[in-house]
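Beneath this line is the structure, given in structure tokens, with notes to follow.
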Amino acid sequence: MKIGLISDLHAEATKANRAIVPFLIDAIKAAELDIFILAGDVTPNLSEFYEILGEFKNANLACQKLFVPGNHDIWVSKSANMTSEQKCGVLAEICQDHGFYSLLDAPYIAEEIGFCGTIGWYDYTFASDKYDFSIEQYAEKQLMGTVWSDKQYARWTGPDEKIAHRFETELDKQITFLKDKVQRIIVVTHHVPFRECIRYRGELPWDYFRAFYGSEGLGMLCLQEPLVTHVLFGHVHYAVNQQVKNIKAICAPIGYLHEQPPEGLQAYAERSLTCFTLK
């Protein structure tokens, strides 16, 4: 089985981010995948999200398409009559209409391989050890004039720790469901599962915001289940392909394209799409 991963399209960010979508679709076709995984942060704009998934649908890709939302995807404006929870439901409906399988709703099984997923969230357990900010200071999500945008646009019920624990619990249920049905499990999450995958700079305000990258609980759930061999994620805008104990951790982002990639969008899309084969 050949699996391909991409995340963090951020189609709303720049013209290049929006323009890369058809090139990415071409790269997926050329890779002849069995499974394509989109690990969140497509766009916070619902109409644009619909359009982009429509492009994937119209491409008639032969592979199964799996999806988990990212934090940008669940953003809602203060004027919108919608919570982030409700937006997750809308995203799932759009996925269903466009041939994507939402792992947030249920796991997926193919050839005795189980795929389960969650957006994940953060509980500040990835905060840098170098600083001594309080829980209340992290909950403010702003430092030195810079604001983490979830503060303005993520509308969950309850504090971050509660949201993170909720998604961890749902992932645990999915893993438990799969354990006696498959030979291996691949976990997909938008937020980062392992501290080892985070790059700390040793300076502020950068390291303050690392507290919003993910949670230790995500990684612990995966490490405690021997059937979990891969954890695929997004959220950080640098590629990751490293071994964390018994698990291969992979991140394959597009990221913000504030400048055109020197090699061109097609080559950049081909390079960003990370593929691996399971036997």
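The values are calculated or read from the model by the stated rules, or taken from the named source; none is laboratory data. As the structure is a computational prediction, the values presented were derived from the model and not from experiment. Note that each Cβ is placed from the backbone with ideal geometry, even for glycine, and that neighbours are counted across all protein chains shown. Accessible surface is based on the protein model in full, side chains and every heavy atom, while ligands, DNA and RNA are left aside. Shrake-Rupley method; radii C 1.70, N 1.55, O 1.52, S 1.80 Å.
Structure above, values below:
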quantity	calculated
Protein-only accessible surface order, largest first, of Lys87, Lys29, Lys248, Lys130 at 1.4 Å	Lys130, Lys29, Lys248, Lys87
Where a label projected 7 Å from the Cα of Asn246 along Cα→Cβ would reach, residues of segment 181-198 with amide N under 19 Å	181-188, 193-196
Accessible surface of segment 113-241 [probe 1.4 Å, protein heavy atoms]: carbon and sulfur percent	50
Order of exposure, largest accessible area first, which applies to Tyr208, Tyr268 with probe 1.4 Å	Tyr268, Tyr208
Under 13 Å, Cβ to Cβ, from Asp97 - net charge with Lys/Arg +1 and Asp/Glu -1	0
Long-range HN-HN contacts of His235 with modeled amide H, under 5 Å	Asp8
Largest-first ordering by accessible area, 1.4 Å probe, given options Ile3, Ile135	Ile135, Ile3
Solvent-accessible area of Glu161 with every protein chain in place, 1.4 Å probe, in Å² to the nearest 10	70
Per residue solvent-accessible surface (Å²) - segment 1-76, probe of 1.4 Å	32
Under Karplus coefficients 6.51, -1.76 and 1.60, residue-wise ³J(HN,Hα) of segment 25-30 in Hz, glycine/proline x	4, 4, 5, 5, 4, 5
Percent RCO, i.e. relative contact order, over the chain, from Cα pairs under 8 Å lying at least 6 residues apart	26
Residue-averaged [θ]222 nm for the chain, counting only DSSP H segments that reach four residues, each worth -39500 (n - 2.57)	-9000 deg cm²/dmol
Cross-link table Lys87/Lys279; Lys141/Lys179; Lys2/Lys179, entries beyond 27 Å C-alpha to C-alpha	Lys87/Lys279; Lys141/Lys179
